[in-house]
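Please see the structure below; I have some questions.
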């Protein structure tokens, strides 16, 4: 009788552990699918970011919405600034003539 009770307890524990293993496997597959979807979305977001940051798009917005324009070459003057601490280094700055 004792052996039958031990056998039933062992059988129940095997069934319980198999059930838990199946549930965990299903959850693992679900998480792997979500990781795949997130990887695809990440790639799409990177592509979208590169599209939004394109030089031509920014220039189009600057000219269209902000009414900015590139100054004429005759209005651009390069100014060299000397650093007081290090006279050997000069910084070139573009300034627009009024």
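Bear in mind that the values in this text are calculations on the coordinates, not laboratory data. Keep in mind that what you see is a predicted model, and the values were worked out from it rather than measured. With ideal geometry, Cβ positions are generated from the backbone for all residues, glycine too; neighbour counts draw on all protein chains shown.
For residue 13, indicate whether it is surrounded by 10 or more Cβ atoms within 10 Å (Cβ to Cβ), in a helix (DSSP H, G or I) and out of contact with any helix residue (DSSP H, G or I) (no Cβ under 9 Å at 6 or more places or on another chain).
Working: surrounded by 10 or more Cβ atoms within 10 Å (Cβ to Cβ): yes; in a helix (DSSP H, G or I): yes; out of contact with any helix residue (DSSP H, G or I) (no Cβ under 9 Å at 6 or more places or on another chain): yes.
So residue 13 fits the description; yes.
Turning to a different aspect of this structure: Restricting to the range 57-81, name every residue that is surrounded by 10 or more Cβ atoms within 10 Å (Cβ to Cβ) and part of a helix (DSSP H, G or I).
57, 58, 59, 60, 61, 62, 63, 75
If you go through the range 42-56, how many residues are surrounded by 10 or more Cβ atoms within 10 Å (Cβ to Cβ) and more than 11 Å from the chain's Cα centre (by Cα)?
Of the residues in that region, 1 qualify.
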